[in-house]
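The values are calculated or read from the model by the stated rules, or taken from the named source; none is laboratory data. Worth saying up front: this structure is predicted, and the values here are computed from it rather than measured. We place every Cβ from the backbone using ideal geometry, glycine too, and count neighbours over all the protein chains shown. These area figures cover heavy atoms from the full protein model, side chains too; ligands, DNA and RNA do not enter into them. Shrake-Rupley method; radii C 1.70, N 1.55, O 1.52, S 1.80 Å.
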Amino acid sequence: MQTQRQVRSRNRTRNETQGLSSGRKRRWPGGALVGAGLVLLLAGCGTAGAGGPGPGAVPPDLPVAGTYWTIGAVTVDGQRSAAPDGARLAFGTDGQVHGDNGCNSFGATVAVRGDLLTVSPGGSTAKACPEDRGRFESAWTKAFTGPLRGTLKGQALTLTAPDGRNSLELKAEPSAPLRGTPWRIDGLVSGETASALPTDSGTKARLVIGADGRITGNLGCNNFSATARVEGGTLTVEGPAATTRMMCSSPQMRLETQLYALLDGPLAYRLDHRTLTLTTPEGKGFTATATATATAGEPGDEGGAGARQDP
């Protein structure tokens with residue numbers, strides 16, 4: 001005689017067998033939760049792949065390497081100061097920054113990650129400057145350091161400290177064309193060696209290469225003019241140049257003699273943003289820096305506009 005326990009065991013076995021043969025699947029505890037979790041996981045993977053970078057992703061690096069900027073203004077602790085004339089900076093392609101704050105030249109290194117620029121100040125010159133330029137230099141030094149968030153809109157770049165109290169306003173600086181630009185002569189070249197003009201030679205030496213085929217300027221003492229033509233990478237001055245006949249100090253006259261001799265015949269020229277180098281076939285020459293916004297030149301003038309260095 002079968003006990004009730006044996007009957008119940010036999011019925012349970014028969015029911016399970018029937019369930020498997022009829023195709024019904026056994027429900028596991030928590031199965032609905034496992035399935036829902038898997039759906040969410042798959043949905044999450046699909047969203048990350050289709051919707052771009054998720055939270056915390058680093059945006060593309062700001063394209064500042066190899067660019068030039070004029071400094072418009074700096075804000076420190078909410079106090080905005082407009083930059084003096086001549087304030088500018090350049091981001092090198094090697095992480096170096098060089099510039100002039102309107103008082104002294106400065107250097108720095110910068111690391112770019114996304115829209116974050118981390119500035120490590122370097123050395124600077126130590127000239128005494130007028131009071132207003134000195135104040136701006138102090139403000140610039142406080143603001144141009146540490147992590148700065150960059151915002152690039154068209155030709156304007158704004159760098160802002162994380163707390164928003166300090167910021168810098170920059171504007172893309174166009175390259176200077178060969179023609180129509182006032183060039184200030186600031187150095188002499190001899191082979192691979194370049195040197196600044198003697199400190200006692202003054203600051204009058206400059207030139208302009210006109211679209212009319214004339215080159216005019218000052219040799220350090222006297223004004224000059226001559227006919228010039230540009231062919232390829234060569235500027236040919238059809239000298240000797242006509243000059244005025246003033247007498248100046250000995251250092252100025254020595255510089256004038258050198259420049260007068262150079263500005264006679266073919267000169268190879270090289271443009272680097274706003275720097276012009278002219279050299280004779282023997283390797284003698286001079287360097288000059290653009291001093292003002294260039295006037296409109298003829299189509300095809302070398303140099304072009306834009307903030308980026310030529311490769």
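Structure values in brief
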item	result
Residues within the stretch 117-134 that are surrounded by 14 or more Cβ atoms within 10 Å (Cβ to Cβ) and either hydroxyl-bearing (Ser, Thr, Tyr) or assigned to a helix (DSSP H, G or I) (or both), tallied	3
Index of the failed condition, Ala87 passing every other in (1) open to solvent by 20 Å² or more (accessible area, probe 1.4 Å); (2) in contact (Cβ under 8 Å) with a residue 40 or more places away in the chain	(1)
One residue from Gly92, Gly122 being in contact with a strand residue (DSSP E or B) (Cβ under 6 Å, 6 or more places away or on another chain) and farther than 16 Å from Thr158 by Cα	Gly122
Selected residue (only one of Thr145, Thr181, Thr151, Thr141 is more than 16 Å from Leu278 (Cα to Cα), buried (at least 16 other Cβ atoms within 10 Å of the Cβ) and at pLDDT 95 or above)	Thr141
Subset tally (residues that are touching a strand residue (DSSP E or B) at 6+ places or on another chain (Cβ under 7 Å) and either outside any strand (DSSP E or B) or open to solvent by 20 Å² or more (accessible area, probe 1.4 Å) (or both)) for the stretch 260-276	11
Qualifying residue in the stretch 179-189 (condition: closer than 19 Å to Thr289 by Cα, among the β-branched types (Val, Ile, Thr) and not in a loop (DSSP other than H, G, I, E, B))	yes
